[in-house]
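Working notes, structure below.
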Amino acid sequence: MKFTLKVFFCTITVIAIALGFGGAYLVNSLFGAAIERETRQALDENNILRFAFETIALNVPLKYERLQDKTIEEIAATIKTGRYIRISGEDKQALYSFENLDIDSDLLDTIGETMQASRVIKAREHYYINTATSVDVMGRLLYIETFKDISTVFADRDTGFRLYRNITLLTLLCGAVIMSLISFWLTRPVSILSAAARSMAAGDYKIRAKHVSGDELGLLAIDFNMMAEALEGQIAELKEAAEAREMFVAAFAHELKTPLTSIVGYADLLRSRKLDEKNNFMSANYIYSEGKRLEKLSLRLLEIIVLKNRVLEKNIIAASAVFAVIEDTFRPKQEITIVIDYDEVDLNVESDLLIAALINIAENAVKASGQGGRIEISGRIADGGYCFSVRDYGHGIPAAEIKKLTQAFYMVDKSRSRSRHGVGLGLTLCADILALYDSTLEIESTPGEGTKVSFRIGCSFLAPSPDKPEKHLE
């Protein structure tokens, strides 16, 4: 059963029970009060009749020492005045009755000589209040009973129940209409959330629940949307990761296939033919260069795998020592102008990893610059940490390609990279190294103007050291 129907039926049931018990209690309370009032009046009238009977009996001329039955009938006829009365003797047998009501005299058994009793009885489709009292007069113990017709009180009760039943039905009908609207309004956020959840289960992760109320259900809609956004983001990340893995496998297979094809081809040439010295050297050189490329690829992949579970083993090294290694590494490249500029500071880092990251970034800059290019490598104290940057003035990188640079095997210009034995793992390795330093690569590039790659290590990787002069190498 739908939640809307549950709210509707539960509410209508509660209203019906409340109205039913409330109406029964109200009508019965009024009925009880009316019976009590009529009973008091009947007892009062019985007392009056008793007093009138005694008065008349005492004024009757004394012919006999004992009050005669005939005299009792005469007195009763005098005081009845339209009332239903019955007078019984000592044996509780009726001596006089206004009408033959055919009602038992069991009430007389419940009273004594000075007591009164009453009861409600039904006779001839009518209801009566039967009251009884005893009177001792002229040697006779008599019982005087009255019968007051209260059928109208019971009729009023029936009318009250009937009226209240009609009112209850009308109220329930109106309540049903109102509650159907209220239950729809109350459960509308739930219906919206349910529809959104079904759409999401069907694969529409962009669906969002409409915020239609400010109560707890409205907050639930907000939480659902936050969950949907988080889920959509995670799914997008998973898709990107899956695509990245597919690209990685495809690129890895391609990177293996290209050098292996050359190695197998030239090895088969050397094996199957007798070549002159020049072609023999050329074939052997191709086999050697492609083999070195495979060796470099395997080493880079191994370094990346090892970095995933590596913990930094920090040592203190001066910034000048780091940049000296960079300078020595690229000094043989006479076709490139390399400018090194840094602020001296002691670094508390794993120097081999840090230098490897800088060399990889600088190698990319060298490849992008070409003959006669200029590369600027700098280190600056900034925001309590230390910022490294490598700037080239080469061909630059399109904005759409920048975010892909740290993907394994990704190359902006694949032909140029392969011609220089690139494997597309340099910046991937750098990103994994910098992750150990809680840092990331920041790449700024303009096509045709060059690229700047920088990263910053925090103050926790700086060691206290005395002030030293800045050094500029060119």
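The values are calculated or read from the model by the stated rules, or taken from the named source; none is laboratory data. Please read these numbers as outputs of a predicted model, since none were measured by experiment. In this analysis, Cβ positions are derived from the backbone assuming ideal geometry, glycine residues included, and neighbour counts consider all displayed protein chains. Heads up: the accessible areas ignore ligands, DNA and RNA and are worked out on the full protein's heavy atoms, side chains in. Shrake-Rupley method; radii C 1.70, N 1.55, O 1.52, S 1.80 Å.
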Condition broken by Val7, with the remaining ones in (1) over 20 Å from Val137 (Cβ atoms); (2) free of Cβ contacts under 8 Å to residues at least 40 places away in the same chain satisfied: (2)
Within segment 326-350, track down each residue that is closer than 19 Å to Arg391 by Cβ and part of a helix (DSSP H, G or I). Ile326, Glu327, Thr329, Phe330
Condition first: charged (D, E, K, R), over 60 Å from the mean Cα position of the chain (by Cα) and modelled with pLDDT of 90 or more. Can you find one or more residues in segment 89-106 that meet it? no
Of everything in segment 117-142, what is at pLDDT 85 or above and either of a type in the set (S, T, N, Q) or open to solvent by less than 20 Å² (accessible area, probe 1.4 Å) (or both)? Give them in sequence order. Ala117, Ser118, Tyr128, Ile129, Asn130, Thr131, Ala132, Thr133, Ser134, Val135, Leu142
Residue pairs qualifying under the 6 Å Cβ cut-off, at least six apart or on distinct chains, with the first in segment 357-379 being touching a residue at least 12 places away in the same chain (Cβ under 8 Å) and the second being β-branched (Val, Ile, Thr) and open to solvent by 30 Å² or more (accessible area, probe 1.4 Å), are Ile359/Thr329; Arg374/Thr337; Ile375/Ile338
Sort through Ile263, Ile326, Ile287, Ile316 and tell me the only one that's modelled with pLDDT of 80 or more and exposed (fewer than 15 other Cβ atoms within 10 Å of the Cβ). Ile316
Return the only residue of Thr171, Thr187, Thr131 being within 30 Å of Leu220 (Cβ to Cβ) and polar (S, T, N, Q). Thr187
Breaking point among (1) open to solvent by 40 Å² or more (accessible area, probe 1.4 Å); (2) in contact (Cβ under 8 Å) with a residue 12 or more places away in the chain, for Phe53: (1)
Out of the residues in segment 25-50 that are small (Gly, Ala, Ser) and touching a residue at least 40 places away in the same chain (Cβ under 8 Å), state the one that is farthest from Glu145 (Cα to Cα). Ala34
Working carefully through the options Glu36, Glu74, find the one that is of a type outside the set (Lys, Arg), within 21 Å of Met115 (Cα to Cα) and surrounded by fewer than 16 Cβ atoms within 10 Å (Cβ to Cβ). Glu36
Checking the condition modelled with pLDDT under 80, open to solvent by 30 Å² or more (accessible area, probe 1.4 Å) and assigned to a helix (DSSP H, G or I), which residue from Leu353, Leu307, Leu302, Leu297 passes? Leu302
In a helix (DSSP H, G or I) and out of contact with any helix residue (DSSP H, G or I) (no Cβ under 9 Å at 6 or more places or on another chain), is that true of Arg66? no
Working only within segment 361-371, note down all residues that are open to solvent by 10 Å² or more (accessible area, probe 1.4 Å) and assigned to a helix (DSSP H, G or I). Glu363, Asn364, Val366, Lys367, Ala368, Ser369
For Pro61, all conditions in the list (1) modelled with pLDDT under 80; (2) surrounded by 15 or more Cβ atoms within 10 Å (Cβ to Cβ) hold save one; what is the number of the exception? (2)
Residue satisfying condition, being farther than 30 Å from Ala16 by Cβ and of a type outside the set (Phe, Trp, Tyr), within set Ser134, Ser180, Ser194: Ser134
Counting just the residues of segment 5-29 that are surrounded by 14 or more Cβ atoms within 10 Å (Cβ to Cβ) and either among the aromatic types (Phe, Trp, Tyr) or under 30 Å from Arg86 (Cα atoms) (or both), which one comes out nearest to the chain's Cα centre (by Cα)? Phe8
